[in-house]
Structure formats: structure tokens, C-alpha cells
Amino acid sequence: MRLFEQYILFALIIATLQGCSMAKEQQLFNGKNLDGWYVDVPAMDSITSAINPFVVRNGNLVSLGEPQGHLITNDSFKNYRLTLQYRFVSEPGNCGVLVHASTPRALYKMFPKSIEVQLMYENAGDFWCIVEDITTDNMEERRGPKSDWGITEGKLRRIKNLTDDSEKPLGEWNSLVVECINTTVKVWINDNLVNYGYNSTATSGQIAIQAEGSEVEFAEIKLQQIGSK
């Protein structure tokens, strides 16, 4: 094989490997309906008047906040980068995005087993451990006394984020990036690295969005696979 042919073959191999390591970005929300997701809201099991708190409005996914529960992807994912836009519509409040979600209603008979990336106003980027665990640097400073750490009801499950000023003013759109690779989870709010965890007890699972008392809009929910599934 001549040198030029060897060069072409080598370039094709490199291109193939690069294509395998970073898959095409996929849209998790189509802007029209909730295809690809299902609703898990405990109140809807027994209260006939309970509404679905997840709706599509003006091309955005809206979490109305009540009744509380989760919108969960049908598919599970591993080794990926999740990006989305979010904003609190009229009042500051609480919400979150869950990664590595699995067993439903594992905590307080509502929250699926997962690692929560907090979106609560002025607390965006905190981790909440929901029957899964994760480690960060300066854990006692950010989580509290080690003797009280835990992953179930009554334990210290919150790990505070690294910044206090990464969120935009109420009503403006914020960008969220969550990168999950093997046992690590990294979180960026508006391009600021706000949390980094490692030794996660879960490395794959579904993605969930919360209805947790406040109206929140979401847009451009995308996922890009990193490495093999």
C-alpha cells in the first residue's frame, strides 16, 4: 500500500473513532408534546380532580408545580451531556432535574432513586442525594456533620454548590449543563462550573424533571452521548 493510501486509511479510521466517541445530539423534548416522557404524580393515582402538572405551552415544557411529582424519560442514558434552558415564570421557587433516576417513589413515596441537580432559585447547582450517593471535595463544609450524612429521609442529603451568583435575575432564561461520565457528575449554570461530584453510586438511568411547587419553563432539552452507551 502506497504512503498516500495509508494516509487516507488512517484518516478514515480516526474519523470513525471520533464518530463513535461523540454521538449526534438528540432532542429530548420536541416542543409539541410529551412524547418520550411519562408522568409520575402520586396525587393522580387517587384524586380524580388532580391535573397533569406538566404541559406544553408556546413551544416550552412547563412544570406547573402542583400537584407534585415527576416527568421521566422513557429511556435510560449513560455517559452523556444534558443541556437545557429554564426560568421561573413569575415567582422564585423550587424545582430540579434528576439524573440516574431508577426506582420510582423511593423517597417520601414520591422521589425516584436518583441524584438531583437542584434548580431552586438562588440554590441552583446543589446536589441532593435521593437513595443514591455522590462525593465532592470539602464534603463536611458543604454537607454538614459526617455523622448525619445519608441518602434517605431525615439525613443530610444536600451538598451545596460552589457559587452564589451564577443565576440570572428572575424571569430570565438560565442555561443548565449536566455532564455524567462514569461515576462523575459535573454541573454548569450559565457557563459557570457550580458543582462537581465523583464516586456516584449510580452511573446510568432515566432523566426526570420535577413539579415541586413552582411554575418553571424549560426549553431546548438536548442530550449528547459521550463514548459508548
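The values are calculated or read from the model by the stated rules, or taken from the named source; none is laboratory data. None of these values were measured; they are calculated from a predicted model. Note: ideal-geometry Cβ built from the backbone for every residue, glycine included; neighbour counts use all protein chains shown.
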Exercise. Restricting the search to region 38-74, which residues are under 22 Å from G205 (Cβ atoms) and either surrounded by fewer than 12 Cβ atoms within 10 Å (Cβ to Cβ) or at pLDDT below 95 (or both)?
Worked result: N74
Problem set entry | Condition broken by N33, with the remaining ones in (1) touching a residue at least 40 places away in the same chain (Cβ under 8 Å); (2) in a loop (DSSP other than H, G, I, E, B); (3) not hydroxyl-bearing (S, T, Y) satisfied | (1)
Seminar exercise, completed: Considering region 75-118, residues that are assigned to a loop (DSSP other than H, G, I, E, B) and basic (K, R), and then whichever is surrounded by the most Cβ atoms within 10 Å (Cβ to Cβ), we arrive at K113
